[in-house]
Every structure is written in C-alpha cells, then in structure tokens.
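Undergrad: Dropping a structure here in structure tokens format, bear with me for questions.
The values are calculated or read from the model by the stated rules, or taken from the named source; none is laboratory data. All figures in this text were calculated on a predicted structure; none of them were measured in a lab. Positions of Cβ are backbone-derived with ideal geometry, glycine not excepted, and every protein chain shown enters the neighbour counts.
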Amino acid sequence: MNLVIRLFFFLILPQFALGQINLDYENNLNENVFEVVNGNKISTIYYDRTDAKLVERTASLFAEDVERITDIKPNVTDSLNNLKGNVVIIGTIGQSEMIDSLAKKHAEFSVIKGDWERFVIKTISQPFDGVDEALVIAGSDKRGTAFGVFTLSEQIGVSPWYWWADVPPKKSDALNIENLSFVSDSPSVKYRGIFLNDESPALRYWATEKFGGLNHRFYEKVYELLLRNKANYLWPAMWLPTAFSDDDPLNPQLADEYGIVISTSHHEPMMRAHDEWRRYKGGAWNYETNKEQLQAFWKGGIERMGDYESVVTVGMRGDGDEAMSEDAAVDLMQTIIADQRKIISEVTKRPAEEVPQVWAIYKEVQEYYDKGMRVDDDIMILLCDDNWGNVRMLPKKEDADYKGGFGMYYHFDYVGAPVSYRWQNVTQIERTWEQMKLSYDWGVEDLWLVNVGDIKPMEFPISFFLDMAWDVEAFSPNSLPEYYVNWARQQFGNQDAEEIANIIALYTKYNARRVPEMLTPETYSLKNYREADRVLSEFKHLLQLSDRIYNNLSENYKSAYYQLVHSPLAMCSNLNEMYITAAKNKLYAEQGRASANVYADKVKKLFYRDKELTRQYHEDLENGKWNHMMSQTHIGYTSWNHPPANKMPPVSYVQTHKSGTLGYMLENGSEPDWGGFSVEGDGLYSESFSQFDPINDQHYYIDVFNRGDAILDFTITAKNDWIILSSKGGSVQYDQRIDVSIDWDKAPKENSIGEIEISGAGHNYLIEVPIRNISPKVAGFIENNGVVSIEAANYTKKQDAKDAHWEVIPNLGRTHSSIVGLPMNHESQELDENTSYVEYEFTLLGDKDLKIETYLSPTQDFLKNGGLKFAVAVDNEKPTIININKDEVKPDWEYAEWWTKSVGNHIKKRVSTHENIKAGIHTLKVWLIDPGVVIQKFVIDAGGLKPSYLGPPESLNKEI
C-alpha cells in the first residue's frame, strides 16, 4: 500500500501554520509524484558538506523520519559521486553549491535569498545528469532549511511530539509526495521560544535519571523539539543550582549547531546563570558596592558566549529574582546598561549595537520604564504579562517604529503570588490567542517567549503558542475550535479527533477556572445553583468520554493519548472531586448527617487515588520513561509557595444517634438549625423553598438524610395535588434526594403557598412551596427568583461600526464564550449612533432596582491611559461608562488585593446600577469603547443573587 502525500500549502487551517495535508492510500501511482520510498526505489538524501552543521543534522533526522514511516532508512550523503535516481536535496542558499546552481534556473529559490527563515520545497525533474527526480528543500538561512525539512516531516506523519509524548508515526509501506512548488513566508515573529523554569523537582529529577542531568544529552532533545515546532529561541533551565553553560560546555555549543538562539532570563544579565555568582563567591550582588566583581563576572559571560548566536540580556535585578531596590533607581540602571554595553563591545570587538540585546522589563523593572527610562534604540524591549497570562503593558502607537523592537514574555507556569501553578496545563489557548494577538497588533513582533515549566504537561499550549508565533494571521476566533481538531488528528489520527478536541478544549477550560493549586473545599458552592455538583458532573462526563476513547484507541496511540489527554483529565477530575467531597463532608458534619463519615472516608480514598494516578504516570507509562515528571506537589497550598508534600484537606467525623433520625435540606431555600431545639416539635417548624413559576418551571430538591446509625424510614407527602414529588418516601441509610416540581395545569392562579410534610423517626416537618402562577408576555432571558444570567456570546442583536466591532471568541471564559472588540488595535470609540454594540433582550417578572455584574477577563490597563472602558444601558437610559481597571492602584502590584483576586478567579466583575426598572421586556445594550475589553457574561441581580464562584447558570431564553 502506497502513502501519497498531497501537500496543499495555503492557509485553510492553522494546524501546520503552512496549510492542510490530505493523506490518501492508493495502489496506483501516477507520474506526478516523487517517490521517496517505493519498493526497491529509495531516494538518497544529499546535503553539502560546506553547509551549516544544522543542515547535516536535519538531513539525518529526516532520514530517520522516513524510516519511522516506512521502516526503511534512506542513505544520507554529502558526496556528489554516484548520485542517481531520486534524490532529496537539502541545503541553504549561499551555503550549498547545488542549491545555488538550482537557483539560477528556478526563480523560487532567488525569491527567498537573504530573508529570515524562509524555505522552498520543490520537485524538479532531471535537475542534473543521472538524477531522475529531485525533491529540493532550500532555506534562506540554516534555520529556514531546517524548518522546511521539519514541515515536510510533520506532514508525512511525524509529530513534533514523537519523542516528548511518544506520538506514533503514521506507518506506510511506501512514501510518495505529489509534485509541488511552495515558497514560504518569513515567520510573523522573529524570535520564538520557551523558558524552562521552575523545573525542580519534576524536570530536573527526570533529566538526572534519564540523562545524568540537564546536560547536552538532555538539551539535544529540547533543541530538536524546538526546531520541529519552528522555534528558534531558548531561556534554559536556571532553578538553583543549575547553570546552563557552566554545567556542560557542550550545552551552548550544541545549541549553536542546532541553530537555537540562547539567551538568559530576566534576572540573569550578560549570559551568566544566576547560580554561577554563588558558585564563584562573587560577594554582594550590588553594583554600587561591588562593581568591579560584577563587571568581571559579566565579562566572563560574554567571553564564553564567543561567536554563538545569542541575545544578551542587559540590565539588572536584585539577587534571587527580586527587586534591585525599593524604588526604581533610574540613573543607576542606565549606568549599569551603559557599562554592560562597553563590556559587550570590548569583548566582541564589535559595536554594541551589532550584538543583539534585550532588556526585560519584568515586574518592578517596568517601573523604570514607566518613569521614562529608555535604552539605546538597538536594544529590544521585552514586555511581560503579569505571570498569569494578562499583558501588563504594550507599546504606544507612536513607538511602532522603535528600531530595537518589542517582545513579550508570557506564562503557562509560574512560582509566585497569589499561589504557584506548576502541576497541570491550566491554559486556555483562546486567552493566549487573544492576549498575544493583542500584543502583536500593538507592535510586539520581535520575540515571543513563554514560560513552560517542565515542558510536560504543557505540550498542547506549547504547540499553539509556537504555531501562532510562526503565522499569527492564520489564527482567528473562528479558527480556534478547528485547531483543537487538527492537533488531535496530528497526534492520534482521524479516529475520534473531534471528540478528543472537545475534551482538550473543555478540560483546559475547567482547569482555567481555578488553578488546581488554589482549589479548596470552599471554591464551589454546595448550596447555590448546584454549582459544585455541576462542576463535578462536567469533569465526570469528560472522563467517561475519555475512558471510552482510550479503550477503543489502537494500542499504538494509547501512550500518547494517556499523556496528552487522559492523564491530566483524570488527575484534575479526581482532584476536583476530592475537594468537593471534602466540602460535602464539612457541610454534612455541620448538619449531623451520618453520611458525613462516608464522605470523610471518600476524601481519603480520592487523596490516595491522586497518589496512584501519579504512580501510574511515573512507573507504568512507557516503562518509566517519564518518571518524576508529575512529582510537583499540588494539594494543601497555604501560601504562594508549594508545600513540601501533598496534604489531604481536613475532614470531620460525627458521632451519630443510635437510632435512625430524620433530617432534611432544601435547595434554594431556608435551612433548619439542626443544632437548635426547634427540630423537636411536631409540624410546627416550617421551611420554605424559593418561589416556583410556570415560565421557568423550576425543579428543586429536598435532601432527606439520616442522622443516626439505624435505617431511617420516612414518608414525604404533598398536601396539594399540584405539587409533584419524585418519591413518597422509603428507607434510607444515609441520604436521598427528592425532586419537587409543579403541575401548572392544576396549580391555583396568581400567588399561592402549598405544603409538603416529611415524617420519620417520630418527627414531622412542614415545608412551604410558594408559587406564582402567572404567564406574562416574555422575551429573551427570563428572570428566575431575582436573577437574570446571560452569557455574553448569546446576544440578541449586534451592530458593527466601520472601524471596530464586537466578535465572539468561542470557548473563551469560565462558563461559555466571550466577546472582544476587533481589530485588537482599534482606536477608542466615541459613543454615538454608529458605535458598535450588542443587545440582550431580557424579561423581569416584577418591578426591580437592578445591579448588573459584568464578568470580564482580568485584562490589565496595557495602554496606561487610565483604564479600559465599555458602556452599558438598560433600554433608553443614558449609557453608564464602566472602567474595568478602576481603582487598580499598585504600589506593589503582585500582592495588591484587586490583582490577587482577579487572577486567582480568572475574572473581574464590574457593577452598574439601574433603578426603578419595571416588570416586562427590556434590553441590555453594551457598547464597545476601548480595545482589550473581554466580556464573558452578565448577571442581572434583581434582588435574588446568591453567592457562588462561577455565577448563576444562564437563564432560560425563550418567547411566549
């Protein structure tokens, strides 16, 4: 069976950044294919020995990729002797004589000459004597050549994650590629890379066991991974006591051979690892008191760098990733950078402006920039997010032509306030797209760098970040759902790709609501909106789906699927269940339920299940290949720093009555005080549900529970024939949930109160059932007991303006999707009849004063113009302009209450008030003013809003 690869290099889908691939298995070949491997016909791979070392390595890796597909490895040669038949020619323009000779005859090659990281893939018939057909992969530079080769590898069926996630190649007896001629563009972002950070204990212990440390054998795997993902830049691991160049001199040498640009992190200037200062006893990390020692230290870093392609970090922060001083000492910082540039020039024998440099304005260093400090215009300015995925500052439009350019340092992993998040992938690619597209459109296009922690389990967002950096314009809100599908197909084939994509999209969404390290038993409400049970149900539904997919997958895909999808989902589902179970234990213990003890035992079981899932990942997966990779502690955080060991949440056991004892709890209603004396009466103690109405047709529950050891017999009786109960009683050891609803055909009109009686163990209790049986004209989202909840994406009407408009980003947000203003760099809009807006129709069932809570993504004031704004109004009232950054004052932004709350919750809420709104149908109108405002949902509080983490689920939306 022959595998014919048809390569369609145009931007339909952003899967490979270059285009879409169709894989067709055909028995009959035609003359329009290049046969890489076909029976006895095996192409030779040729490269020029005078070309860069990277090209030789790439040629060998491509031969290995062909072998992964066909089990046949082509010969790789740098000799022109005896070249015949079919030849794959790999080379760089200006570095390969054969490529240069072809460039004289084929214009495609000349088009890319001298450009940054471009490539041509072209089939040529009879290019030289003795050669029948050639498949030519030519780069404008050495990395362009490598990216062309790995693009081809990716499309023939070798995933960039073939080693790092054990993704199997797509096997075939033969490999044939349809004739083509493709010329790539340069990447959107010049430097694209990752930062290995916070890498202990997971990555470090794994690398020590696997390679003997963070040495060149380890980094060779990292460099290859970067190239296969079309990246070119690395901040190496630096968690103490790691020092990239000092630990193994082959680390930087091999990086240069692989074409990977090495730089150092925001607090490691001049190509020196932070731990080197300790190792060589440099003394005080203080430029005012220890200038000579620091200069000698930095000079050594530049000397060691030599001719390796690098970007030198300049500036200085305090010792140990801290602030250098309490106040931004601008004059001192300017002196430091000027002296560093002198060292660079003296050592390299070149003007400083010819050596790439970057100044990272991370955390408090931004204050220097805010105070007006500027650096020489050849130095790149590396802007930063707030460590939680929210961009802090972007260039002004007047800075668009800044010569040195701008970069962005982003985070998928972080150690710091309010709580470190390192264990699992908690990144929604939709938020990454929105923030990085925002950055790009405001001129950040020279460096995209992302903190990925240990690499695993961040495989999916790494792919997305680097694909987007390669071709920003290939991505749009509408393409994001398809990215999940294409990525799933790449790793697992076509089978179940859409379902797998849905699992990835949703489990990352659920994790992004609250990072696992910040979860507590109090996170989700047990009493309001069935929130905790809904969260648990969502996880369990996904896990059941994933179980089915895993069990039905071909054996060769199971390891990759377990790593990339199933394991993180299973671990996070278990963790959420453990905390919700602990919350139930606490509540049920307070109520004296016998089941509190059952839930205490279950918490312990789930806690040890977490340990077992980790053991399976470490020991059973790939015969221990990934041992230590999931060893990061994640349970029991009490501060920003990780605990020394996972610690189970506290549980309580209760001493129950010997005999069965009746208790109950109402959903959305008042609750008896089971510690008081009122429960001793018969029929005198009455609780009440929230009101039922025929429009919402509510179903509420009663939890009947046993407070004793013996089986409890109970009856539950509706005293009105219009009250529907799912049970009339029974025998219960622990708990039984009973559904309560209304038969509206039998119910009395207008307002009325019915009753339910619960009897058991010698006691009986009355429960009020209030109804409001009216059917007014309604439209849109309907009030339910004083609340209207609306997901922002579900607008009723939309008006686009000429220069800006609201657009939906599917799946972005904690509960549904979001709206954002496009284009990302639009000018602030004046409110008039032409301004872009969305409208939401809603119905109130009574006259109310309203508070409207707008749920927004926690975007920072990146323009530094006093805050980002939008406007709202109900009906025809005057618009209320809302500043989403109001009162976000930061003497110390990392620990400011507003910041820790917004990033911890992954949401910020802004409230507007609207008085004397009459019962009936109304319109909520929302105008676009400033760029960067991302709205997730609206909660209209008409007097009935109850506390919860995610807010009320979306209201009923219909017309009668």
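Undergrad: Check whether at least one residue in the range 779-792 is part of a loop (DSSP other than H, G, I, E, B) and at pLDDT below 95, and report yes or no.
TA: Restricting attention to the range 779-792, the residues satisfying the condition of being part of a loop (DSSP other than H, G, I, E, B) are 779-780, 783-786, 792.
Applying the additional criterion that residues be at pLDDT below 95 yields none.
No, the range 779-792 has no match at all.
Undergrad: May I ask you to say which residue of S639, S652 is at pLDDT 95 or above and not assigned by TED's automatic domain parsing to the domain that holds S537?
TA: Working: S639 fails: at pLDDT 95 or above.
So the residue among S639, S652 that is at pLDDT 95 or above and not assigned by TED's automatic domain parsing to the domain that holds S537 is S652.
Undergrad: Of everything in the range 583-616 that's in contact (Cβ under 8 Å) with a residue 60 or more places away in the chain and of a type in the set (G, A, S), which residue is nearest to G660 (Cα to Cα)?
TA: Checking each candidate, the answer is A594.
Undergrad: Testing E309 on (1) surrounded by fewer than 22 Cβ atoms within 10 Å (Cβ to Cβ); (2) more than 19 Å from W448 (Cα to Cα); (3) of a type outside the set (S, T, N, Q), one condition comes back false. Which one is that?
TA: Unmet condition: (2).
Undergrad: Got a sec? Which helices (runs of 4 or more DSSP H) wholly within the range 549-666 have at least 2 residues that are of a type in the set (K, R)? Give the derivation first.
TA: Values: elements: 555-561, 567-590, 595-615.
Correct list: 567-590, 595-615.
Conditions (1) assigned to a strand (DSSP E or B); (2) surrounded by fewer than 17 Cβ atoms within 10 Å (Cβ to Cβ); (3) touching a His at 6+ places or on another chain (Cβ under 9 Å); (4) at pLDDT 95 or above, marked per residue:
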site: S159; (1), (2), (3), (4): no, no, no, yes
site: P168; (1), (2), (3), (4): no, no, no, yes
site: N176; (1), (2), (3), (4): yes, no, no, yes
site: S186; (1), (2), (3), (4): no, yes, no, yes
site: L203; (1), (2), (3), (4): no, no, yes, yes
site: R217; (1), (2), (3), (4): no, yes, no, yes
site: K221; (1), (2), (3), (4): no, yes, no, yes
site: L227; (1), (2), (3), (4): no, no, no, yes
site: D256; (1), (2), (3), (4): no, no, no, yes
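For every residue, the table says whether it meets (1) crowded, with 21+ Cβ neighbours inside 10 Å; (2) in contact (Cβ under 8 Å) with a residue 24 or more places away in the chain; (3) within 28 Å of G193 (Cα to Cα).
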residue: K281; (1), (2), (3): no, no, no
residue: T289; (1), (2), (3): no, no, no
residue: M305; (1), (2), (3): yes, yes, yes
residue: P351; (1), (2), (3): no, no, yes
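Undergrad: Report whether or not E430 is outside the structural domain of G821 (by TED's automatic domain parsing), modelled with pLDDT of 95 or more, charged (D, E, K, R) and buried (at least 24 other Cβ atoms within 10 Å of the Cβ). Quick ask: steps written out before the conclusion?
TA: Working: outside the structural domain of G821 (by TED's automatic domain parsing): yes; modelled with pLDDT of 95 or more: yes; charged (D, E, K, R): yes; buried (at least 24 other Cβ atoms within 10 Å of the Cβ): yes.
Judged against the criteria, E430 is a match.
Undergrad: How many residues, within the range 396-427, are over 20 Å from F460 (Cβ atoms), touching a Gly at 6+ places or on another chain (Cβ under 9 Å) and buried (at least 19 other Cβ atoms within 10 Å of the Cβ)?
TA: 4
For every residue, the table says whether it meets (1) closer than 30 Å to G821 by Cα; (2) of a type in the set (V, I, T); (3) modelled with pLDDT under 95.
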| site | (1), (2), (3) |
| --- | --- |
| V452 | yes, yes, no |
| E473 | yes, no, no |
| I503 | yes, yes, no |
| R514 | yes, no, no |
| E522 | no, no, no |
| S525 | no, no, no |
| F539 | no, no, no |
| L543 | no, no, no |
| Y557 | no, no, no |
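Undergrad: Does the range 693-700 contain any residue that is part of a loop (DSSP other than H, G, I, E, B), surrounded by 15 or more Cβ atoms within 10 Å (Cβ to Cβ) and touching a Phe, Trp or Tyr at 6+ places or on another chain (Cβ under 7 Å)? Full working, then the answer.
TA: Filtering the range 693-700 down to residues part of a loop (DSSP other than H, G, I, E, B) leaves 693-699.
In the following step, the residues that additionally are surrounded by 15 or more Cβ atoms within 10 Å (Cβ to Cβ) were identified as 693-696, 698.
Those still in the list that are touching a Phe, Trp or Tyr at 6+ places or on another chain (Cβ under 7 Å) too: 694, 698.
Looking through the range 693-700, at least one residue is part of a loop (DSSP other than H, G, I, E, B), surrounded by 15 or more Cβ atoms within 10 Å (Cβ to Cβ) and touching a Phe, Trp or Tyr at 6+ places or on another chain (Cβ under 7 Å).
Undergrad: Out of I99, I124, I need the residue that is buried (at least 23 other Cβ atoms within 10 Å of the Cβ) and either part of a strand (DSSP E or B) or in the same structural domain as V33 (by TED's automatic domain parsing) (or both). Which one? Walk me through it before giving the result.
TA: Working: I124 fails: buried (at least 23 other Cβ atoms within 10 Å of the Cβ).
None of the others qualify; the one that does is I99.
Undergrad: What are the residue pairs meeting all of these: first residue in the range 400-423, first residue over 12 Å from D454 (Cα atoms) and assigned to a strand (DSSP E or B), second residue of a type outside the set (F, W, Y) and modelled with pLDDT under 95, Cβ atoms under 6 Å, and 6 or more apart or on different chains?
TA: Within 6 Å, no pair qualifies.
Undergrad: Given the structure, is V926 in contact (Cβ under 8 Å) with a residue 60 or more places away in the chain, farther than 24 Å from T796 by Cα and touching a Phe, Trp or Tyr at 6+ places or on another chain (Cβ under 7 Å)? Explain how you work it out, then say what you get.
TA: Working: in contact (Cβ under 8 Å) with a residue 60 or more places away in the chain: yes; farther than 24 Å from T796 by Cα: no; touching a Phe, Trp or Tyr at 6+ places or on another chain (Cβ under 7 Å): yes.
It is false that V926 is in contact (Cβ under 8 Å) with a residue 60 or more places away in the chain, farther than 24 Å from T796 by Cα and touching a Phe, Trp or Tyr at 6+ places or on another chain (Cβ under 7 Å).
Undergrad: State whether one or more residues within the range 108-121 are buried (at least 18 other Cβ atoms within 10 Å of the Cβ), assigned to a helix (DSSP H, G or I) and out of contact with any strand residue (DSSP E or B) (no Cβ under 8 Å at 6 or more places or on another chain).
TA: First pass over the range 108-121, keeping only residues buried (at least 18 other Cβ atoms within 10 Å of the Cβ): 109, 112, 117-121.
Then drop every residue that is not assigned to a helix (DSSP H, G or I), which leaves 109.
In the following step, the residues that additionally are out of contact with any strand residue (DSSP E or B) (no Cβ under 8 Å at 6 or more places or on another chain) were identified as none.
No; the residues of the range 108-121 include none that is buried (at least 18 other Cβ atoms within 10 Å of the Cβ), assigned to a helix (DSSP H, G or I) and out of contact with any strand residue (DSSP E or B) (no Cβ under 8 Å at 6 or more places or on another chain).
Undergrad: Within the range 59-77, can one find any residue that is without any contact (Cβ under 8 Å) to a residue 40 or more places away in the chain and buried (at least 21 other Cβ atoms within 10 Å of the Cβ)?
TA: Checking the range 59-77: at least one residue is without any contact (Cβ under 8 Å) to a residue 40 or more places away in the chain and buried (at least 21 other Cβ atoms within 10 Å of the Cβ).
Undergrad: Where in the range 837-908 are the strands (runs of 3 or more DSSP E), entirely inside, with at least 3 residues that are at pLDDT 95 or above and under 27 Å from the mean Cα position of the chain (by Cα)?
TA: Working: elements: 837-844, 848-856, 869-874, 880-883.
Answer list for the range 837-908: 848-856.
Undergrad: Looking at (1) part of a helix (DSSP H, G or I); (2) among the small types (G, A, S); (3) at pLDDT below 95, can you tell me which one G320 breaks?
TA: Tallying (1) part of a helix (DSSP H, G or I); (2) among the small types (G, A, S); (3) at pLDDT below 95, G320 fails exactly one: (1).
Undergrad: If you don't mind, there's one more thing I want to ask. Within the range 906-921, which residues are over 14 Å from I884 (Cβ atoms) and surrounded by fewer than 21 Cβ atoms within 10 Å (Cβ to Cβ)?
TA: T913, H914, E915, N916, I917, K918, A919, G920, I921
Undergrad: Another question about this same structure. Please specify each residue of the range 931-960 satisfying the condition of being under 25 Å from the mean Cα position of the chain (by Cα) and not in a loop (DSSP other than H, G, I, E, B). Even if it seems obvious, please write down each step before you answer.
TA: At the first step, the residues of the range 931-960 found to be under 25 Å from the mean Cα position of the chain (by Cα) are 931-938, 948-954.
Of everything in the range 931-960, those that are under 25 Å from the mean Cα position of the chain (by Cα) and not in a loop (DSSP other than H, G, I, E, B) turn out to be V934, I935, Q936, K937, F938.
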